[in-house]
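The values are calculated or read from the model by the stated rules, or taken from the named source; none is laboratory data. Keep in mind it's a predicted model, so treat the numbers as computed, not measured. Cβ coordinates were reconstructed from backbone atoms using ideal geometry, including for glycine residues, and neighbour counts include every protein chain displayed. Remember, those area values only see protein heavy atoms, side chains included, never the ligands or the DNA or RNA. Shrake-Rupley method; radii C 1.70, N 1.55, O 1.52, S 1.80 Å.
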Amino acid sequence: MKKAIILSSGGVDSTTCLSVAVNALGAENVSTASIFYGQKHKKELDAARAVAAYYHVPHYEFDLAQIMQYSNCSLLSHSTESIVHKSYGEQIAEKGAGKVSTYVPFRNGLMISVAASLAAGIYEEEETDIYVGAHGDAYADCSPRFLKAMREAVAVGTYGKVHLVFPFADKNKTGVVAEGLKLGTPYELTWSCYEGGDTPCGECGTCIDRAKAFAENGVEDPWNGGKG
């Protein structure tokens, strides 16, 4: 039976990917992997653990913070920059189609590489899909062009055993949530906010996108009674 590793941030997109994989393959054939890259809080990692426990799947964690020590991305704990409290659309409109302040240098490339190596180790003899929840709303390393290039590299580098799957590359977050709602994805366990407070700030790019996605699906965000 085919296996799957889901790159899990504990957020909406990756948790929806997990529900898609479990629905397709069964929980017994699925694992999750999370990356700490030096971000300002670990709440998303706590969420990833909770989601893995909900689905009863093995969960792996890796620390790549040392690699990111040279970046001043606003998401990182050592950054001198504050996280911008505007939507991605507003930031892009102000700065053009270049990088937004929360772009972490080649983060998805690093994470995909880690997952490919993990897959080739724990599922050495089996075909394995790596699921990434990326969609192209904000970052270059979420774009279909980037993901297709990484898919080719992963396949070549693992002798054709590991395959990159990105089911939401042509969707926005509203479409991702629509898919997850059909599958009963436990969004109440997820965390999206870039800030590390007791409750989501509601003002950073990912909070704004999350609220919009649930609103456009005509449902309340189940996190914190619809207040997340």
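Checking each residue in the stretch 137-148 for being under 15 Å from LEU7 (Cβ atoms) and either of a type in the set (S, T, N, Q) or part of a helix (DSSP H, G or I) (or both) picks out ASP141, CYS142, PHE146, LEU147. With the requirement that a residue be touching a residue at least 40 places away in the same chain (Cβ under 8 Å) and either part of a helix (DSSP H, G or I) or open to solvent by 10 Å² or more (accessible area, probe 1.4 Å) (or both), what does the stretch 186-203 give you? Correct list: TYR187, LEU189, TRP191, SER192, TYR194, GLU195, GLY196, CYS201, GLU203. You will find that of LYS161, LYS171, the residue that is charged (D, E, K, R), at negative phi and modelled with pLDDT of 95 or more is LYS161 and no other. Look at SER192 and say whether it is within 17 Å of TYR103 (Cα to Cα) and either at pLDDT 95 or above or in contact with a Lys or Arg (Cβ under 8 Å, 6 or more places away or on another chain) (or both). Yes, satisfied.
Restricting the stretch 149-180 to residues that are over 17 Å from the mean Cα position of the chain (by Cα) and part of a helix (DSSP H, G or I) leaves a set whose member that is surrounded by the most Cβ atoms within 10 Å (Cβ to Cβ) is VAL154. Yes or no: the stretch 204-215 includes at least one residue that is touching a residue at least 40 places away in the same chain (Cβ under 8 Å), open to solvent by 20 Å² or more (accessible area, probe 1.4 Å) and assigned to a loop (DSSP other than H, G, I, E, B). No, because not a single residue in the stretch 204-215 is touching a residue at least 40 places away in the same chain (Cβ under 8 Å), open to solvent by 20 Å² or more (accessible area, probe 1.4 Å) and assigned to a loop (DSSP other than H, G, I, E, B).
Restricting attention to the stretch 119-171, the residues that are of a type in the set (D, E, K, R) and under 30 Å from VAL100 (Cα atoms) add up to 9. Is it the case that the stretch 25-32 has a residue that's touching a strand residue (DSSP E or B) at 6+ places or on another chain (Cβ under 8 Å), surrounded by fewer than 22 Cβ atoms within 10 Å (Cβ to Cβ) and not aromatic (Phe, Trp, Tyr)? Yes, the stretch 25-32 contains at least one residue that is touching a strand residue (DSSP E or B) at 6+ places or on another chain (Cβ under 8 Å), surrounded by fewer than 22 Cβ atoms within 10 Å (Cβ to Cβ) and not aromatic (Phe, Trp, Tyr). Mind listing just one residue for me: the one in the stretch 113-136 that is crowded, with 17+ Cβ neighbours inside 10 Å and in a loop (DSSP other than H, G, I, E, B) and, of those, modelled with the lowest pLDDT? Going through the qualifying residues, I end up with GLY136. Residues in the stretch 90-112 that are under 21 Å from the mean Cα position of the chain (by Cα) and either among the hydrophobic types (A, V, I, L, M, F, W, C) or open to solvent by 60 Å² or more (accessible area, probe 1.4 Å) (or both): 8 in all.
For the stretch 137-148, filtering for residues that are open to solvent by 20 Å² or more (accessible area, probe 1.4 Å) and at pLDDT below 95 leaves 8. For the stretch 75-88: of the residues being open to solvent by less than 50 Å² (accessible area, probe 1.4 Å) and small (Gly, Ala, Ser), which is modelled with the highest pLDDT? Across the stretch 75-88, the extreme among qualifying residues is SER79.
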